[in-house]
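Only one structure is covered here, and it is reproduced in the block below.
The values are calculated or read from the model by the stated rules, or taken from the named source; none is laboratory data. Not measured: the values here are computed from a predicted model. Don't worry about glycine lacking a Cβ; one is built from the backbone with ideal geometry, like all the others, and counts go over all protein chains shown. Heads up: the accessible areas ignore ligands, DNA and RNA and are worked out on the full protein's heavy atoms, side chains in. Shrake-Rupley method; radii C 1.70, N 1.55, O 1.52, S 1.80 Å.
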Amino acid sequence: MAIQDLIIRTRIIWIAAVLWYSPCSLSEEDSFETLDALLEAQFQYTDETLEADYQALDAALKKAYKRFKNEIEDVWGEGEVVLPEKSTWVDYSLNRKLRRRFDFEKGFVQIERIFKEDSELDNVTREIQLAVQAAAADTGADLSRKDTLWQYASQDLQNRAVTIENTVDTSQRPVMADLLDIPESAAVLTVLKKATKPMQQSLGLSPQQENPAVQTSSDTDKQANRPEMTATVIAMANEQKKIMVTIPLRQNYLSSAAAAYQPKVLIEAARQSLPPSLLYAIMETESHFNPRARSHIPAFGLMQLVPASGGVDAYQHLYGEKLVLGPDYFYNADQNVELGAAYLNLLNTRYLKSISNSLSRTYCVIAAYNTGPGNVARAFVDSKSVLVASREINKLTPEVVFEQLVQRLPYKETRHYLQKVTSAQKKYQEMDQLVRL
């Protein structure tokens, strides 16, 4: 339980005790009216405190983003800054000269190392080899330790004595275990030597003879008929260069990612009376199964929950108390799926319950997950009132409801979002047979 909630509950008990032992001149009706007024004041205090905490979190994240962006720009140069996004996780070495990019939408891991002098090649090659191996071995806890943005934001919050609920993922299972085939270190070295051969020759070095017994990633990939691992040297501004190694994810990586989350998806789908296909479709559309997804809103994790809105509402729906949760809470895959499913249930059974047809309501739930129930109402009436809009929606077939949402939702992003989710849901329909609703 958060400290602020403990304080509030203690105050409520104290108020009740005071009223219980109040002078007899205070009538029972007056006592309860006074209690109602005091409780209302306490709830207002709770909301104001939550808002203050969220504003502090938002400010700390923005400050951290700016600081980290400036650090990277100082090393890599203008226009070369790459930071985490919804479908792409990015982290940097301590000296900011090496970065790893895990692209869950396009299906590759990329290791880049910037340098100036060709004489650095040995160190550069060694660092890339280690980074490639770590890409396959890192757990959620490892990625949390490498999350410089949150480290900076967390320190800022600590300096301001603001406490945010933030449960770190302690799982020891490598995040990319089922998605990435990492070639042996010798194979990586062979590909790097091919890419840097002209630089080695310019230094008067004789590149070691390639070992014919070592099968390079390229050879393996050709036999498996899949994209090859590549290494490229790219000239940059300020007389800098970078070596970029790109390793494709497995061809079926999205299916493998979905399978990794299946136990939790099935549990939460049953718990919240939702088809598993809907949870999977939203996860794929929101993050392409990137467990450390982050957007500018900010929203975090597999199902891209916003701490100030969906996160608070879902947590209260589940646990009966309001909390502003930190990024690491959402980066924990099990917690993210739990909250995402709870928020969908909240939309389906409370905010949009006045829509009578279940399929029409599902379309509206999907759109509302992205843009909020009020904007869904605006696709049907000149108002944000769901109750008013539902009277119009209930006159229409589900097919017409879908078309009207696609054509009239206020934001283009949400119109496309509805189409993407409903299309993705078809891929996971067989999962719905595993849950009885």
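Quick notes on this structure:
- Three-way shape call for the range 50-181 based on the alpha-carbon gyration tensor, with the a/c threshold at 1.5: oblate
- With 0.36 nm allotted per residue and the present C-alpha distance subtracted, the residue 199-residue 426 stretch has 76.7 nm of extension available.
- Between residue 228 and residue 105, the C-beta separation translates, for a Förster distance of 22 Å, into a calculated FRET efficiency of about 0.65.
- Ligands, DNA and RNA are left out, and with a 1.4 angstrom probe the accessible area of the range 128-176 is 49 Å² per residue.
- Tensor-based shape of the range 243-350 (alpha-carbon gyration tensor, a/c under 1.5 rounded, otherwise prolate or oblate): oblate
- Segment residue 297..residue 321, full-extension length gain: 6.3 nm, with 0.36 nm per residue of separation and the alpha-carbon distance subtracted.
- Overall form of the range 103-188 per C-alpha gyration tensor (a/c, 1.5; a/b vs b/c): oblate
- Cβ-based net charge around residue 286, under 14 Å, with every Lys or Arg adding one and every Asp or Glu removing one: 0
- Spin-label model distance (nm) - residue 400 vs residue 381, 7 Å beyond Cα toward Cβ: 1.7 nm
- Between the range 257-323 and the range 107-161, the alpha-carbon center distance in angstrom: 26 Å
- Computed over the alpha-carbon atoms, the range 339-407 gives an Rg to Rh ratio of 0.92, Rh here being the Kirkwood radius from the mean inverse distance.
- Straight-distance crosslink candidates among lysines, where the alpha carbon sits under 22 Å from residue 384 and sequence neighbours closer than 8 are dropped: 353, 395, 412
- A Förster radius of 51 Å combined with the Cβ-Cβ distance from residue 408 to residue 155 puts the calculated FRET efficiency at roughly 0.65.
- Full extension of the chain between residue 262 and residue 126 yields a length gain of 45.2 nm, computed as 0.36 nm times the residue separation minus the alpha carbon distance.
- Restraint check, 193/242; 116/146; 69/146, Cα-Cα greater than 22 Å: 116/146
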